[in-house]
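Everything on this sheet refers to the single structure shown next.
The values are calculated or read from the model by the stated rules, or taken from the named source; none is laboratory data. If you're wondering where the values come from, they're calculated on a predicted model, not measured in any experiment. Note that each Cβ is placed from the backbone with ideal geometry, even for glycine, and that neighbours are counted across all protein chains shown. To get the accessible areas, we keep the full protein, side chains included, count just its heavy atoms, and leave off ligands, DNA and RNA. Shrake-Rupley method; radii C 1.70, N 1.55, O 1.52, S 1.80 Å.
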Amino acid sequence: MKYIHYIILTILGCVTTFFIWIYIQRANLDYNTEGKFLSLEEGVVYTEQAKEVYGILALCGLILIGVYFYKLIRK
């Protein structure tokens with residue numbers, strides 16, 4: 001039963017790491033005055049507001065990992 005908790009904790013860690021990576025990638029882009037970035041290579045338009053959403057998801061993931069880890073150790 002304890003292995004399931006470790007698997008869940010690992011998956012949460014991977015997803016949170018992914019969101020942190022996306023947040024850092026989007027934060028380094030140069031946005032225009034409209035708050036958009038056009039990637040000519042990929043043909044994708046990124047909006048600046050998505051950066052905050054990824055940051056919030058990463059922060060929520062870190063909080064979930066902390067609470068889950070605390071409850072796992074406390075048992």
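Looking across the stretch 16-37, the residues that are open to solvent by less than 70 Å² (accessible area, probe 1.4 Å) and either of a type in the set (A, V, I, L, M) or more than 15 Å from the chain's Cα centre (by Cα) (or both) come down to Ile20, Ile22, Ala27, Leu29, Tyr31, Gly35, Phe37. Each residue in the stretch 64-75 was checked for being in a helix (DSSP H, G or I) and open to solvent by 90 Å² or more (accessible area, probe 1.4 Å), and 6 of them qualify.
Close contacts from the stretch 19-31, counting a first residue that is more than 15 Å from Leu62 (Cα to Cα) and assigned to a loop (DSSP other than H, G, I, E, B) and a second that is among the hydrophobic types (A, V, I, L, M, F, W, C) and at pLDDT below 95, with Cβ to Cβ under 7 Å and a gap of 6+ residues or different chains, come to Leu29/Phe37; Asp30/Phe37; Tyr31/Phe37. Of the residues making up the stretch 38-63, just one is open to solvent by less than 50 Å² (accessible area, probe 1.4 Å), more than 30 Å from Ile8 (Cβ to Cβ) and either in contact with a helix residue (DSSP H, G or I) (Cβ under 8 Å, 6 or more places away or on another chain) or assigned to a helix (DSSP H, G or I) (or both), namely Tyr46. Has the stretch 38-47 got any residue that is in contact (Cβ under 8 Å) with a residue 12 or more places away in the chain, polar (S, T, N, Q) and in contact with a strand residue (DSSP E or B) (Cβ under 8 Å, 6 or more places away or on another chain)? Scanning the stretch 38-47, I find at least one residue that is in contact (Cβ under 8 Å) with a residue 12 or more places away in the chain, polar (S, T, N, Q) and in contact with a strand residue (DSSP E or B) (Cβ under 8 Å, 6 or more places away or on another chain), so the answer is yes.
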